[in-house]
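Below: the structure, in structure tokens.
The values are calculated or read from the model by the stated rules, or taken from the named source; none is laboratory data. Predicted, not measured: the structure shown is a model, and the values here were computed from it. Reconstructed Cβ throughout: ideal geometry from the backbone, glycine too, with neighbour counts over all protein chains shown.
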Amino acid sequence: MTGPESERTTASGAARAVEDLRAGATPHAVRGTVGGLPSGRSALIAVVLVVDFVQRHPYWSAFLAVVVVVAAGALLSVGAKRRARQRAEQAERDRAIAVTDAMTGSEFEQWFARLLGASGFRDIRVRGGSGDRGADVTAIAPDGSPGPVARCTEASCA
């Protein structure tokens, strides 16, 4: 069956299932209910249940609609604030890194050591100068493993 006749049959089947559910039958006891239905019929039953609830309880329906709209607005607002905060934090990090361009080598090594300390590294040593064998900054990682050995040059910190 296709066309209007099948739509009436599906709708009347959905209405019968809704009536059976209202009468106290469990969803599994109602033949063709949500558990064993194709997705189209289960969606139709859900729509019928929602429409029935709205018709029987208009004030509760309006209240629930307002709650859903307010909750959605709150979630969108929180997400927008979080994204704005992340952008501001990234801009601050970008400004802090831009300051390093004007630092001397030893100032940069000290700045890098402070950055490691703020990131949870310990036993940070700034070795810089001659005889450091290229290891300007060394540290122990937060998990106790040997941390980075940094070689700082004017162009980079490798």
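See the values below:
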| read-out | value |
| --- | --- |
| Condition broken by residue 54, with the remaining ones in (1) under 30 Å from residue 145 (Cβ atoms); (2) part of a helix (DSSP H, G or I); (3) not aromatic (Phe, Trp, Tyr) satisfied | (1) |
| Filtered residue count, region 91-110, keeping only those that are part of a helix (DSSP H, G or I) and either aliphatic (A, V, I, L, M) or touching a residue at least 12 places away in the same chain (Cβ under 8 Å) (or both) | 11 |
| Breaking point among (1) exposed (fewer than 11 other Cβ atoms within 10 Å of the Cβ); (2) touching a strand residue (DSSP E or B) at 6+ places or on another chain (Cβ under 7 Å); (3) among the β-branched types (Val, Ile, Thr), for residue 124 | (1) |
| Options 62, 72: the member that is under 28 Å from the mean Cα position of the chain (by Cα), surrounded by 10 or more Cβ atoms within 10 Å (Cβ to Cβ) and modelled with pLDDT of 85 or more | 72 |
